[in-house]
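This report refers to the structure that appears directly beneath it.
The values are calculated or read from the model by the stated rules, or taken from the named source; none is laboratory data. Predicted model, so just to flag it, every value in this text is computed and none were measured. Here Cβ is always computed from backbone atoms with ideal geometry, including for glycine, and neighbour counts include all displayed protein chains.
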Amino acid sequence: MIKIDNLTKIFDTPNGPVTAADNIQMEIPQGEICVLLGPSGCGKTTTLKMINRIIPPTSGRVFINGEDTSGLDTVDLRRNIGYVIQQIGLFPNMTIEENITAVPRLLGWDVNRYKARATELLEMVALDPAVFLKRYPKELSGGQQQRIGVARALAADPPVMLMDEPFGAIDPINREVIQDEFLKMQQELKKTIMFVSHDIDEAVKMANRIAIFRDGRLVQYDTPDDLLAHPKDSFVESFVGDDRALKRLRLVNVAQVMESPAPCVTPQDSLETALQQMEEHGYSHAITLVNQQQQPIGFVSKQVAQTTKGYCGEHYVGLKGLANINDDLRKIASLMFTHDSTWMPCVDDSGRLVGHISQRGITHYLGATYRRDGRQAAPYNLKLA
Amino acid sequence: MEIIDFLAQNLDLLLKLTVEHISLVAVAVGLATLTGVPIGIAITQNERAANLVLYIASIIITIPSIALFGLMIPLLSTIGQGIGYLPAVIAVLLYSQLPIIRNTYTAINNVNPALREAARGIGMSPLQRLRMVEIPLAIPVIMAGVRTAVVMNIGVMAIAAYIGAGGLGVLISRGISQSDPRQLIAGALAVSILAIIADFALLRLQKRMTPRGLETA
């Protein structure tokens, strides 16, 4: 847990004092990623760097796991905080192994222990130790280098990590991959992480909580969904973007929204049965057809069922799209737009039908936050009226 | 032809003078490295001090060597060392300061700020940062400074023969005073060849001392 108490930084410049961070007050719960977000010069990096005193605070205190860090020796403090920077900063004169083991060596671990740790960490960041341990940083690509940067920060297993735009210098494709890998690692490691970014999409993806900064002040500190649904003022609103409701789609997965269990028919059922089922469940368009393994293979439309006689197996239409329960809603919305459909069957990892997801269901789910008492943001009142 | 005969007949003398010359330069530049590198590192902490030190070192290097030797005669006579080995070594030591201090200062100052921040951020003390990161990265440039000092001072040391320090300059000064072109040319050639060999050898050393991760291709 990181607790920041009234942290302030005033820089003396030739044009007079400049307040880079103004009485910042926040708390990051154990095991969560907090993304500090804002335009450049908003104080997010200054705040981050005051945690490990790369920038000494003018006033205020930082507590890590309840301990006031102002009493700690700066070097000791830093060795217990993982630090990843945008420029990566691998030492070019050291091999990958030496880079990764820098902190353990400073801490005086014995050789066998830190060598074993280097191998373990390389495996964790998905690089083959046999290939990479003895290489030098310049022989690696940018993405590989930043994986090593992360491994170096994790080396001594610090409870807290500071990451200053860690994936900012990596090309978009590799950035997505590294972000995903990092989130997967974090699920196991459960570090308390402070992460600076200027990219709202990255923040929404990575964060348990987002802190929006402006002119040295913390403007809003909320979960990504609350931030996107209820921006506090016009600055936050414009910063998160006009498409903020669409960004929320990424935060929700199919399992949270789908209606389950889903009624369905088999090829052996008659069209009469299908029609009956549709009416029973209030389906106005169609019903899913499954095979013997309960896997959806198509659908029978209401129109056909009303006008034709026979078996479902003879009169179904092939599936247009399929939602996995782990997909996020953004992907599903995109699929629906692509296939011009308003609903989609949902399957689990073995491909069996487990539910249905509809555009109405998505809208309903996303709208729930506006129907909560006392949390009605002004722009949406218009819609309700 | 005459020169080759002369060299063949005086091989012993030539060898002795060469060894003398090398040892004079080696001792002087060696000491200069031991003082210049720490000074170069120290002045990275304070820009005003850096400007002052580099300014003084630049002035020293503009003093003609013959004048510097002359200046040291009265000063060192007070301890009975007005001429000979000591003033020669001191002069070369002073001349070596500028290339060594300036290269050290520039190399340390030019270490990528991101690396410095990474080193601080993972908890290296200032001394550990120097030892593990900054000096290894600065080595190629510092060594280039030492090389410049050596090559430059092999020439300067030839003049030290006039204050009785020995070395290959002895051949040159005798050649002039005895109007003997054989000795003059032999001395001058030997000094030039020595400088070229030293430069080459130090370049090899510089490459060997460069950390592997810094080598280009």
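Quick notes on this one:
- Test: residue in region A:27-40 that is assigned to a loop (DSSP other than H, G, I, E, B) and either free of Cβ contacts under 8 Å to residues at least 60 places away in the same chain or outside the structural domain of A:Tyr221 (by TED's automatic domain parsing) (or both): no
- In region A:44-62, of all residues being of a type in the set (A, V, I, L, M, F, W, C) and in a loop (DSSP other than H, G, I, E, B), the one that is nearest to the other protein chains (Cβ to nearest Cβ) corresponds to A:Ile54.
- Residues of region A:63-74 include at least one that is crowded, with 19+ Cβ neighbours inside 10 Å, under 22 Å from A:Val196 (Cβ atoms), more than 10 Å from chain B (Cβ to nearest Cβ) and of a type in the set (A, V, I, L, M, F, W, C).
- Candidate set from region A:254-287 (those that are surrounded by 15 or more Cβ atoms within 10 Å (Cβ to Cβ) and part of a loop (DSSP other than H, G, I, E, B)); member that is farthest from the chain's Cα centre (by Cα): A:Asp269
- Per-region count, region A:82-116, residues within 8 Å of another protein chain (Cβ to nearest Cβ) and either hydrophobic (A, V, I, L, M, F, W, C) or assigned to a strand (DSSP E or B) (or both): 9
- Exclusive hit being within 19 Å of B:Met152 (Cβ to Cβ), surrounded by 15 or more Cβ atoms within 10 Å (Cβ to Cβ) and out of contact with any strand residue (DSSP E or B) (no Cβ under 9 Å at 6 or more places or on another chain), set B:Ile83, B:Ile56, B:Ile39: B:Ile39
- Restricting attention to region B:165-217, the residues that are among the hydroxyl-bearing types (Ser, Thr, Tyr) and not in a helix (DSSP H, G or I) add up to 3.
- Test for A:Lys191: is it away from every other protein chain (no Cβ under 14 Å), surrounded by fewer than 24 Cβ atoms within 10 Å (Cβ to Cβ) and at pLDDT 95 or above: yes
- Candidates A:Thr19, A:Thr47, filtered to the one that is in the same structural domain as A:Arg214 (by TED's automatic domain parsing), of a type in the set (Val, Ile, Thr), modelled with pLDDT of 95 or more and more than 25 Å from A:Lys184 (Cα to Cα): A:Thr47
- Where B:Pro126 falls short, out of the listed (1) within 14 Å of chain A (Cβ to nearest Cβ); (2) out of contact with any Lys or Arg (no Cβ under 7 Å at 6 or more places or on another chain); (3) modelled with pLDDT of 95 or more: (3)
- Qualifying position, being basic (Lys, Arg) and crowded, with 20+ Cβ neighbours inside 10 Å, among B:Arg174, B:Arg212, B:Arg147: B:Arg147
- The condition (being more than 14 Å from chain B (Cβ to nearest Cβ), at pLDDT 95 or above, more than 30 Å from A:Trp109 (Cβ to Cβ) and surrounded by fewer than 21 Cβ atoms within 10 Å (Cβ to Cβ)) is satisfied by just one residue among A:Arg175, A:Arg209: A:Arg209.
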